[in-house]
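One structure is given below, encoded as structure tokens.
The values are calculated or read from the model by the stated rules, or taken from the named source; none is laboratory data. Just so it is clear, the model here is predicted, and its values are computed rather than measured. Glycine gets a Cβ as well: all are built from the backbone with ideal geometry, and neighbour counts include every protein chain shown. Ligands, DNA and RNA are excluded from the accessible area calculation, which covers all protein heavy atoms including side chains. Shrake-Rupley method; radii C 1.70, N 1.55, O 1.52, S 1.80 Å.
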Amino acid sequence: HVVCTKSKETIKRSASRNIRFIQAAQSVVRSARITPYSCKFSKKIYTQHQLLVLILFKDYRNQHYREFVDDVGDMERVQELLGLSVIPHFTTLQKFLFRIKSLYLRITFKKTLNLFYTTDDKIPITAIDSSGFTSGYCSHYYSARTGKIRKHFLKTSISVDTDLRAITGFVASNSRVHDTRHAEKLLRQCHKMRKSDCYVMDKGYDSEDIHRLIREDFQAESLIPIRSWNNEIVGGKYRQEIAQQFDDEKYGRRQRVENIFSVLKRKFSGDLKARIFLVQKKEIANKMIVCNIHTFLQFAFI
């Protein structure tokens, strides 16, 4: 009897989490002001809002399309919230992700930040780091058993508010590039999204140009360890300042961005299912949106 009661409570909590996510995702997608239909010739069976929320919900549950659609068919409350009279076929969701404009996902991602901030809020410390998402279509087990090599990694860099743990920007590339190649684009993006007093990065980003961008253009503090080249001479005005005085306590906050990468890969998978780079970038954007909504719900229901 006790086991049965615990099982019912677990199912109830799971259902409650699903409903909260759907409601938060609906709010974010509505605020993005995406057009209801992709074109005037649309069959108008489902709106883009409904399909995008379903795609995000699929990623939140970390399921494959077929399994997800089967489960949604048993979720009457979810169908009611989304206004679904017919459950879409799994290929409808796949085709929608291929078709939706990347701009819409960028706008939706930007709107997730409204869950955390008001207009004038400034971030005390932003941490930046990079990792890779595997563009493979087979499991690690299958790779090991067959000896077939999995696909290469898509390098992804993100910026994270070390207080609220919100992702404030991301950049993805189809090849392994040096951290500094992503840095300027990501810094400008996250600064535009939400200004910060301090940016912390690991020594892979050590560059006088990056320091100059942060210090002179953003009027913020930069904290990047000096790379050791077995040379006592440190070049660059700002790199010399860092070499003379380094704030270890602030730099310790950088681990928060590593924690977020861990959440992204453990909860929402580090594998990308699409084979086309453009769609893979959309999958990464979806993960960022889902992770921000998940983080917000954790804070809201502590």
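Across segment 20-113, counting alpha-carbon atoms alone, Rg and Dmax equal 12.5, 33 Å.
Report note on the peptides 261-268, 161-168, 174-181: ranked by the mean count of other C-beta atoms within 10 Å, highest first, their order is 161-168, 261-268, 174-181. For segment 180-247, the C-alpha radius of gyration divided by 2.2 N^0.38 Å, with N the number of residues, is 1.09. Label-to-label distance for LEU103 and ILE233 is 5.0 nm, based on points extended 7 Å past Cα in the beta-carbon direction.
Given a 1.4 angstrom probe, I'd like the percentage of the accessible area of segment 167-298 that is carbon and sulfur, rounded to a whole number. That share works out to 44 percent. Each stretch of four or more DSSP H residues adds -39500 (n - 2.57); spread over every residue of the chain, this sum gives -16000 deg cm²/dmol at 222 nm.
You can think of it this way: the chain between VAL263 and GLN244 has 3.3 nm of extra reach, that is 0.36 nm per residue less the Cα-Cα gap.
Taking amide hydrogens as placed 1.01 Å from N in the peptide plane, the amide H of ASP129 sits under 5 Å from those of ILE158, each at least 5 positions away in sequence or on another chain.
Computed from the C-beta positions of LYS185 and ALA300, the FRET efficiency with R₀ = 30 Å rounds to 0.45.
Distance cut-off 18 Å, Cα to Cα: go down the list LYS192/LYS237; LYS44/LYS111; LYS40/LYS101; LYS101/LYS192; LYS155/LYS265 and report the pairs above it. Cα-Cα > 18 Å for LYS192/LYS237; LYS44/LYS111; LYS101/LYS192; rest within. Compute the acute angle (0 to 90°) between the alpha-carbon long axis of helix 102-112 and the principal axis of greatest extent of the alpha-carbon atoms of the chain; round to the nearest 10°. Taking the Cα atoms of the chain, the angle to 102-112 is about 80 degrees. A crude spin-label estimate for the pair HIS178 and GLN23, with each label 7 Å from Cα along the Cβ direction, gives 5.0 nm. Computed across segment 168-302, the Kirkwood radius stands at 16.8 Å (inverse of mean 1/r, all Cα pairs).
Its Cα gyration tensor gives the chain an equivalent ellipsoid. The semi-axes, each the square root of 5 times an eigenvalue, are 37, 21, 20 Å from largest down. In a fully extended conformation the segment linking LYS40 and ASP217 would gain 59.3 nm over its present Cα-Cα distance, using 0.36 nm per residue.
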